[in-house]
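A.B. asks: Once you've had a glance at the structure underneath, I'll fire off some questions.
Values in this text are rule-based calculations from the coordinates and carry no lab data. Every value quoted in this text rests on a predicted model; they were computed, and no experiment measured them. Glycine gets a Cβ as well: all are built from the backbone with ideal geometry, and neighbour counts include every protein chain shown.
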Amino acid sequence: MGNCWHGREENPENRTNVATTAGSAISQEMKGLSPPVLETKCPSPPAQLSIKLRLNTTEEDVKWSGPSNTTIADLKAFLQADRGLASGSFRLFFGGRVLGDNQTLEECKVPNEVVILVVSRAVAETPTRPC
């Protein structure tokens, strides 16, 4: 595939810009050259976000910055490393919804400079019977 250039694909074999007409693409094919690929957009880099993760147990805010394509699982790993929270002992909420581990911040429509609530799950104690 060619290189991305101003939102258009360039064919490196014949250096023909994508803006060629269909007729000229056909004539190139007849000459043994492959026709150019039409209108391929360059992927834009993910937006950078700065968010606060508010722990419900202490009301403390933990600051995090990174790309919008970060998964919720990655945020949880950050909290585990930064705050020592046990894996599976908390959930993240934004906009009244639980955020799924496989979703990205972008998919969850999390904008820049917001607060995501970190809610600890109550660990149920196993009832013990007297001997």
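A.B. asks: So how much slack lies between Val98 and Arg121, counting 0.36 nm per residue of separation and subtracting their Cα-Cα distance, in nm?
C.D. replies: Length gained between Val98 and Arg121: 7.0 nm.
A.B. asks: Each label point is 7 Å from the Cα along the Cα-to-Cβ direction; what then is the distance between the points at Val114 and Asp61, in nm?
C.D. replies: Result for the modelled spin labels: 1.5 nm.
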